[in-house]
1. Taking only the stretch 6-27 into account, find how many residues are aliphatic (A, V, I, L, M) and either more than 18 Å from Pro89 (Cβ to Cβ) or part of a loop (DSSP other than H, G, I, E, B) (or both).
2. Within the group Lys29, Lys39, which residue is loosely packed, with under 11 Cβ neighbours inside 10 Å and at pLDDT 95 or above?
3. Return the pairs, sorted by first residue and then second, in which the second residue is among the hydrophobic types (A, V, I, L, M, F, W, C) and surrounded by 10 or more Cβ atoms within 10 Å (Cβ to Cβ), the first residue lies in the stretch 20-31 and is at negative phi, the beta carbons are less than 6 Å apart, and the residues are 6+ apart or on different chains.
4. Tell me, which residue of the stretch 43-55 that is of a type in the set (D, E, K, R) and part of a strand (DSSP E or B) is farthest from Leu14 (Cα to Cα)?
5. Out of (1) assigned to a loop (DSSP other than H, G, I, E, B); (2) at pLDDT 95 or above, what's the single condition that is false for Ile34?
6. Can you tell which of Ala58, Ala79 is in contact (Cβ under 8 Å) with a residue 60 or more places away in the chain and in a strand (DSSP E or B)?
7. Out of the stretch 57-94, which residues are within 16 Å of Gly38 (Cα to Cα) and of a type in the set (S, T, N, Q)?
8. Can you tell me which residue in the stretch 82-94 is farthest from Asp24 (Cα to Cα), limited to those that are among the aliphatic types (A, V, I, L, M) and not in a strand (DSSP E or B)?
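The values are calculated or read from the model by the stated rules, or taken from the named source; none is laboratory data. All figures in this text were calculated on a predicted structure; none of them were measured in a lab. We place every Cβ from the backbone using ideal geometry, glycine too, and count neighbours over all the protein chains shown.
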Amino acid sequence: MNEETKPQTPPDHLCVNPKSKHFDVEVLKRGVGIRFKGKQRTDIEEYCISEGWVRVQAGKTVDRKGNPLTLKLSGPVEAWYEDLGDDPPVAKAG
């Protein structure tokens, strides 16, 4: 993909876990900024803009398979690509 064909806003649903069907390494390489309830967050494991939720890790707690336990938090979610500069297009629920 060249610069003109890259989407300007991130996908509606994205996860950092490679086992998830919503994992996309190309999107994550670009860098995605997340704002949840008006505050920029860097600890988001997964998000869904249209449904209005994010998942964050619950401390250092892990399940029996070694995966981090996550909490699902509800509220307004906004996402943007960090590689588009200081004023990128923002994806948010309409």
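1. If we filter the stretch 6-27 for residues that are aliphatic (A, V, I, L, M), which is where we start, we get 14, 16, 25, 27.
When the remaining residues are screened for being either more than 18 Å from Pro89 (Cβ to Cβ) or part of a loop (DSSP other than H, G, I, E, B) (or both), the result is 16, 25.
Looking only at that region, the number is 2.
2. Values: Lys29 fails: at pLDDT 95 or above.
Exactly one of Lys29, Lys39 is loosely packed, with under 11 Cβ neighbours inside 10 Å and at pLDDT 95 or above, namely Lys39.
3. From residues that are at negative phi, the pairs are His22/Leu14; His22/Cys15; Phe23/Cys15.
4. Among those that are of a type in the set (D, E, K, R) and part of a strand (DSSP E or B), it is Arg55.
5. All conditions pass for Ile34, except number (1).
6. On the way: Ala58 fails: in contact (Cβ under 8 Å) with a residue 60 or more places away in the chain.
Criteria check complete, one pass: Ala79.
7. Passing the criteria: only Ser74.
8. Our first condition is that a residue be among the aliphatic types (A, V, I, L, M); within the stretch 82-94, this holds for 84, 90-91, 93.
In the following step, the residues that additionally are not in a strand (DSSP E or B) were identified as 84, 90, 93.
Values: Leu84: 18, Val90: 19, Ala93: 21 Å.
If we take residues in the stretch 82-94 being among the aliphatic types (A, V, I, L, M) and not in a strand (DSSP E or B), then Ala93 is farthest from Asp24 (Cα to Cα).
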